[in-house]
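The values are calculated or read from the model by the stated rules, or taken from the named source; none is laboratory data. These numbers were taken from a predicted model, which means no experiment stands behind them. For neighbour counting, all protein chains shown are included, and Cβ atoms are generated from backbone atoms with ideal geometry for every residue, glycine included. Ligands, DNA and RNA are stripped out before the accessible areas are found, and what is left, the full protein with its side chains, is counted by its heavy atoms. Shrake-Rupley method; radii C 1.70, N 1.55, O 1.52, S 1.80 Å.
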Amino acid sequence: MEKKVIRIGSVGLGGIWTGVHEPGTRRSPDLELVAICDIDEEKLKAAGEKYGIDEAHRFVDYHDLINCPDVDAVDICTSNDAHFEIGMAAVEAGKPYDIEKPITMTAEEADILANATKEKGIKNMVCFSYRFKAAARYAKDLIAQGKIGKVYHVDMQYFQAWGLPRVDCPLAWRFIKNRTGSGALGDLGCHALDLVRFVLGKEYTNIVGHTGTYVKERKLEKGEGVGQVDVDDFCNYMADMEDGISASFQITRFGFGRGNYQRMEIYGSEGAIVYSLDATPGLEDEIEVCSGDINADAHVFSKLPIPQQYYSDQMQSFADILNGVGDGMPATIFDGQANQHVVDTILESAEAGKWMEIK
């Protein structure tokens, strides 16, 4: 199939767009940014001037961007509360889309969006970014090859520090339930859930969650005064997975000294793998392996060089999907749907204080 340049329209010009989506679009030879949309007109104007988008292709209403004939595919980078309606509008217009996580505010919305996408046959991608880390893909392949035998345990940590009082972060939308759905869980924990599911290739069956909030009031972003934080600052949960795998998760925005730190330890009958992100200064993702009697008895984990074949790029992967040459590794709307069902169950479990079956 002959590749073509895909004209991208981006909705939402916040940090995830400026830090990940726009640079990825610019790197790709198969993508071209042609239109942008944001409800903040000052931000819209500044981005338009910076990235060379003319005024006719700067939109305040996402419907106008989606319906623009110059837009081939929609890039959804808004706050969580807008994901569902923008995704549905893209589906109704028959346009492919990528969408940030979590895909919706509730599992019910996720079901509607996934079913509509399937019915219309719309190409899509969910931006679970850590599926594109080479160390994670390498770990997935090693496990699939049976290199560590039967998997028994996985332990996953995802720590950031920007919620700490010393940072003095104001009441951004990520702290407001009706804008974000959940706090650290929806922000970081859903990534952790997807990454473990991706690497192991197994589904969650039962789960128990515990959440808490340390800073319950934050200064308003604009004006004087404070507002209430009504989402979780941390979330810990344990899960049963298919094939009897036991999983545990620690998620927090209060990890002093951490930037975007992840650590996943996977223990099997014949070996163990440790994936880490942002653990060593100057390095991003790394993989360590313990295998064989000699290393096991000596408790030695060795860092492995990662073969070039495991490297990938998020926005290029979206282009590949649209051009019919995808590798099948990025998350789809159905992965996002499954993820949202687990997130909802964790919140329900944390409130009830008991184990629950994934619905």
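Any idea what the relative contact order of the stretch 45-93 is, in percent, if you count C-alpha pairs under 8 Å spaced at least 6 apart?
Computed over the stretch 45-93, the figure is 28 percent.
Grab every C-alpha pair in the stretch 1-40, bin the distances at 5 angstrom width from 0 up to the longest one, and report whole percents.
6, 22, 31, 21, 11, 6, 2, 1
Quick one: Cα centre-to-centre distance for the stretch 277-327 and the stretch 175-240, in angstrom?
Cα centroid of the stretch 277-327 versus Cα centroid of the stretch 175-240: 26 Å apart.
For the stretch 224-359, which whole-number percentage of the solvent-accessible area (1.4 Å probe, protein heavy atoms only) is attributable to carbon and sulfur atoms?
Using a 1.4 Å probe with all protein chains present, the stretch 224-359 comes out at 51 percent carbon and sulfur.
For the stretch 178-225, go through all pairs of different Cα atoms, get the mean of 1/r, take its inverse, and jot down that Kirkwood value in Å.
Hydrodynamic radius (Kirkwood, Cα only) of the stretch 178-225 equals 13.7 Å.
Can you pull the one-decimal nm distance between simple spin-label points at Val325 and Ser248, each 7 Å off the Cα toward Cβ?
4.5 nm
Would you mind calculating the relative contact order of the stretch 243-329 from Cα pairs under 8 angstrom and at least 6 residues apart, reporting the percent as a whole number?
Across the stretch 243-329, relative contact order equals 15 percent.
May I ask you to derive the FRET efficiency for Ala116 and Ser269 from their Cβ-Cβ distance with R0 = 51 Å, giving the value to the nearest 0.05?
According to the calculation, E is roughly 0.75.
Just to confirm, what accessible area per residue do you get for the chain at 1.4 Å probe, in whole Å²?
With all protein chains present, the chain gives 45 Å² per residue.
Work out how much length Tyr214 to Asp64 would gain on full extension: take 0.36 nm times their residue separation and subtract the Cα-Cα distance, in nm to one decimal.
Computed gain between Tyr214 and Asp64 is 49.9 nm.
What does the convex hull of the alpha-carbon atoms of the stretch 203-359 project to on average, in nm²?
That works out to 14.2 nm².
How big is the Cα convex hull of the stretch 54-109 in projection, averaged over all directions, in nm²?
Averaged projected hull area, Cα only: 3.9 nm².
What's the carbon and sulfur percent of the stretch 9-162's accessible surface, probe 1.4 angstrom, rounded to a whole number?
Result for the stretch 9-162: 50 percent of the exposed heavy-atom area is carbon or sulfur.
Would you mind computing, in nm to one decimal, how far apart the modelled labels at Ala296 and Val20 are, each placed 7 Å from Cα along Cα→Cβ?
With each label placed 7 Å out from Cα toward Cβ, I get 3.7 nm.
I'd like the GluC sites (Glu not before Pro) in the stretch 272-324 restricted to DSSP loop residues with at most 13 other Cβ atoms within 10 Å, sorted by number.
When the GluC sites (Glu not before Pro) of the stretch 272-324 are filtered for loop state and at most 13 Cβ neighbours within 10 Å, Glu284 remain.
For the stretch 302-341, what are Rg and Dmax over the alpha carbons, in angstrom?
That works out to 13.4, 39 Å for Rg and Dmax.
With unit charges on the beta carbons (Lys and Arg positive, Asp and Glu negative) and the dipole taken about the Cα centre of the chain, which residue among Phe128, Thr117, Leu200 sits farthest to the positive side?
Value computed over the given set: Leu200.
Report, to one decimal in Å, the Kirkwood hydrodynamic radius for the chain based on all distinct Cα pairs.
By the Kirkwood definition, the hydrodynamic radius is 21.3 Å.
If you project the alpha carbons of the stretch 137-204 onto their three principal axes, what span does each projection cover, largest first, in Å?
Largest to smallest, the principal-axis extents are 47, 26, 19 Å.
Please give, to one decimal in nm, the separation of the simple spin-label points placed at Asp168 and Ser312, each 7 Å out from Cα toward the Cβ.
Placing both labels 7 Å beyond Cα along the Cβ direction yields 4.2 nm.
How high is the FRET efficiency from Asn178 to Ala93, r the C-beta distance, R0 25 Å, rounded to 0.05?
Once rounded, the FRET efficiency stands at 0.40.
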